[in-house]
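The values are calculated or read from the model by the stated rules, or taken from the named source; none is laboratory data. Owing to the predicted nature of the structure, the values given are computational and were not obtained by experimental measurement. Ideal geometry is used to build each Cβ from the backbone, glycine not excepted, and the neighbour counts take in all protein chains shown. Heads up: the accessible areas ignore ligands, DNA and RNA and are worked out on the full protein's heavy atoms, side chains in. Shrake-Rupley method; radii C 1.70, N 1.55, O 1.52, S 1.80 Å.
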There are 2 protein chains.
Amino acid sequence: MGKVFEVKSKDEFSHARTGVLETAHGEIETPVFMPVGTRGSVKGLTPEQITETDSQIILANTYHMMLRPGADIVEELGGLHKLMAWDKPILTDSGGYQVFSLSTLNKITDSGVEFASHIDGKKYILGPESSIEIQNKLGADIIMAFDECTPFPCPEERLKTAVNRSIRWAEQSLKSHKRDDQLLFGIVQGGIDLALRSGCAEGLVSMGFPGYAIGGLSVGEGHKNMIETVNHTATLLPEDKPRYLMGVGMPPDIIAAVKAGVDMFDCVLPTRNGRNAFAFTQSGAVRLRNSIHTKDSSPIENNCDCYACRNFSRAAIRHFFNVGEMLGPTLVSIHNIRFFQRLIASIKERIKDGSFSSWADKQVEKYQKCGLCRDF
Amino acid sequence: MGKVFEVKSKDEFSHARTGVLETAHGEIETPVFMPVGTRGSVKGLTPEQITETDSQIILANTYHMMLRPGADIVEELGGLHKLMAWDKPILTDSGGYQVFSLSTLNKITDSGVEFASHIDGKKYILGPESSIEIQNKLGADIIMAFDECTPFPCPEERLKTAVNRSIRWAEQSLKSHKRDDQLLFGIVQGGIDLALRSGCAEGLVSMGFPGYAIGGLSVGEGHKNMIETVNHTATLLPEDKPRYLMGVGMPPDIIAAVKAGVDMFDCVLPTRNGRNAFAFTQSGAVRLRNSIHTKDSSPIENNCDCYACRNFSRAAIRHFFNVGEMLGPTLVSIHNIRFFQRLIASIKERIKDGSFSSWADKQVEKYQKCGLCRDF
């Protein structure tokens, strides 16, 4: 087996880099933004429409897929790629985040978590062995070690216990992993405690994962804390392995994290905000339910090449939201995903031509000023 | 201006024919099925997806568009084609059907109907002049005369009054019509009273419309009554003008009406049923919420070339409905519209090759037996 990840170009003035990650369903050029298909569908879009946004890889949630339709059924149907009609790369998370945030927890032990489904209260146990077994059945190209996710803020002792448990679970995840066509990533936890992050990174790196995630951020700690933690943690991870910042995020978060050396991102905001008529643009948020758009014949964003902007006026999209037509959420979700992919394309281009670092600082400042990051 | 409608081939054993109808946004090959975009959107589909089903023309409802966003706004935005991002032909109805079925009626007079909007109770008046003025503003390629729609069953006197009023309104509609890039069709009313149908048809034909609709059917009279009325009425209409059976319908209704000489159809069933997980197939209805599809890896319909059938299993679609993902309604709506367009394609092909008439009788019988027409 050849090299899984190769750094292709490095920014001279920061840790930013471009690279290529090889998976069972094709190559991914990094930095990469992954739209989220929570329950096997990126909300409001067909796979054809996702492809048109230039997305290379999508994410599905192990927690949701294990509850409905269930991992055995997905496996029987030929795996996630078949179910989702998506033959490019897929990543599944471990289920940990949802178990800790959505379900009713009954018991956390060293072997896993007993929880009650948020849908029907049915009891499940999820731990490193079962999460990996389920992810092996789902068949994504990249899968994640099972980890304990802590809220923000989190008492020091609890954070420490969780980090130590996550390190043990990472090792058990690695041992349980059965398919060599799936890349298993370890997840560095530790909140915004840099010493804990160091310890966790050290522990995981010694296990030799093909990629590493930074988890437990974008949970309320704010841009400054997040980027401080990412700056610290990214440098602890091997240069020649992909780095994935989970659940992030807003454009300035992504730009600053790329600068810190992060390669992969996922976030529900493009689709969640799209369903709420909130569009991302380079000059800030556009709220399409606003009556100022009633007669606005301009597209969501000038010079955007997405299907929505090429064909529909803000007035038309406002009308679709106003009367409750699905077309509204679909169009704004398409635009928002394309917005993120255009942002990533700019980032890649500027890393390659050497203009990334100074541009990045200005972009972060611009997006923070324009109000795109407020209200969250 | 050349001929608007040309009959291209005739069936030897029935009144069925193929033709070409010329509009400001291109030619329509008939028989034709028009998906319904009630409020400016064919529910769940983008215009790109509608085009992929091979639909040539779509319908929008004047009543809904006049309430939201309003005819003046649609006009200011460049008309319906622009708003809907659809540069092929569009047909608008007169608003009559919805005024009589959805709104609270206050007063019917010879000059029109005073009604309260079903959305906010606001008062409106709609009559032949205002309906045509609104349709001129909306800018569809084919527009409809304003008519009085009666329920089924309907007392004889009321039916008679309504028919006479519809004839007068047709004439006023014709006089009010200002745009020669829009074809104004007259609508024959009369319930299932064949004598009233004859009188109405005679009155309208003498006015010289470029096309004629048969209205007031598919309101509960049943297949037999409907087809008897269509058989009677179609022959009263000029051979060289297009005939449009409004709001119809189920596959056997369409096939039998083509046999009677009808050229145009519209119906909400493909999308309405699609949203309810009800799929049309040649072997009957498939209800995709049914648990028998939980592990069903086959497509909705074998040999169907639609996007849903080429990519998704019944099990996947059932899952999307089960977890409430928009992708479910979208996929089944795409399939259902494509099903109707494939049916129309078969009809056209068989009219051209002379095998239509005997095939049609078998098809009507088959669809009636297979249960596709029950439950409505």
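Some points to look at:
- Other protein chain C-beta atoms within 10 Å of residue C-beta, averaged over B:314-326: 5.
- Size of charge dipole - the protein assembly as shown - debye, nearest 20, with Cβ of Lys, Arg +1 and Asp, Glu -1, no other charges: 920 debye
- Share antiparallel - DSSP beta bridges, chain B, percent rounded to 5: 50 percent
- Selection among B:83, B:184, B:96 by position relative to the dipole of the range B:19-267 gives B:96 as farthest towards the positive end (Cβ unit charges, Cα centre).
- Based on C-alpha pairs under 8 angstrom that are at least 6 apart in sequence, chain A has a relative contact order of 17 percent.
- Relative contact order, percent, the range B:203-274 [alpha-carbon distance under 8 Å, six or more residues apart]: 33 percent
- Of all residues in chain A, the one whose Cβ lies closest to the rotation axis carrying A onto B, together with that distance in whole Å, is A:326, 3.
- Whole-number accessible area per residue in Å² for the protein assembly as shown, which is evaluated in the context of all protein chains at 1.4 Å: 38 Å²
- Take each residue in A:44-55, count the other chain C-beta atoms within 10 Å of its C-beta, and the mean is 3.
- Qualifying lysines (Cα of each under 19 Å from Cα of residue B:295; at least 8 residues distant if same chain): A:82, A:137
- Helix-only mean residue ellipticity at 222 nm for chain A, each DSSP H run of n ≥ 4 adding -39500 (n - 2.57), per residue, nearest 500: -12500 deg cm²/dmol
- GNM result for chain B, Cα springs below 10 Å: residue of B:35, B:153, B:251 fluctuating most strongly: B:153
- Cα-based shape type of the protein assembly as shown, given that a ≥ b ≥ c are square roots of the gyration tensor eigenvalues and the cut on a/c is 1.5: prolate
- Within the listed set B:237, B:83, B:269, the residue fluctuating most in the Gaussian network model of chain B (springs between alpha-carbon atoms under 10 angstrom) is B:83.
- Shortest-first distances to equivalent copies, position residue B:161, nm, label 7 Å out along Cβ: 8.0
- 0 to 90° range, to nearest 10: angle between helix A:194-205 axis and chain A longest Cα axis: 70 degrees
- Residue of A:33, A:340, A:152 that the Gaussian network model of chain A assigns the largest fluctuation, springs spanning Cα pairs under 10 Å: A:152
- For the range B:82-110 versus the range B:239-266, the gap between their alpha-carbon centres in whole angstrom: 20 Å
- Placing unit charges on each Cβ (+1 for Lys and Arg, -1 for Asp and Glu) gives chain B a dipole about its Cα centre, and among B:327, B:227, B:360 the Cα reaching farthest toward its positive end belongs to B:327.
- Over 19 Å (Cα to Cα) - which of A:10/A:259; A:8/A:241; A:88/A:241 fall in this group: A:88/A:241
- Each residue of the range A:139-149 is assigned a 3J(HN,Hα), and the resulting list reads x, 5, 6, 10, 10, 10, 5, 6, 9, 9, 9 Hz, derived from the Karplus form 6.51 cos²θ - 1.76 cosθ + 1.60 (θ = phi - 60°), x at Gly and Pro.
- Interface size, chains B and A: roughly 3400 Å² of accessible area buried, both sides included, 1.4 Å probe, rounded to the nearest 100.
- Nearest 10 degrees, 0 to 90: helix A:128-138 Cα axis against chain A principal axis: 50 degrees
- Whole-percent carbon and sulfur share, accessible surface of the range A:19-267, 1.4 Å: 49 percent
- Set of lysines near residue B:107 by C-alpha distance (under 20 Å), chain-local residues within fewer than 8 positions excluded: B:122, B:123, B:160
- The orientation-averaged projected area of the convex hull spanned by the Cα atoms of chain B comes to 17.9 nm².
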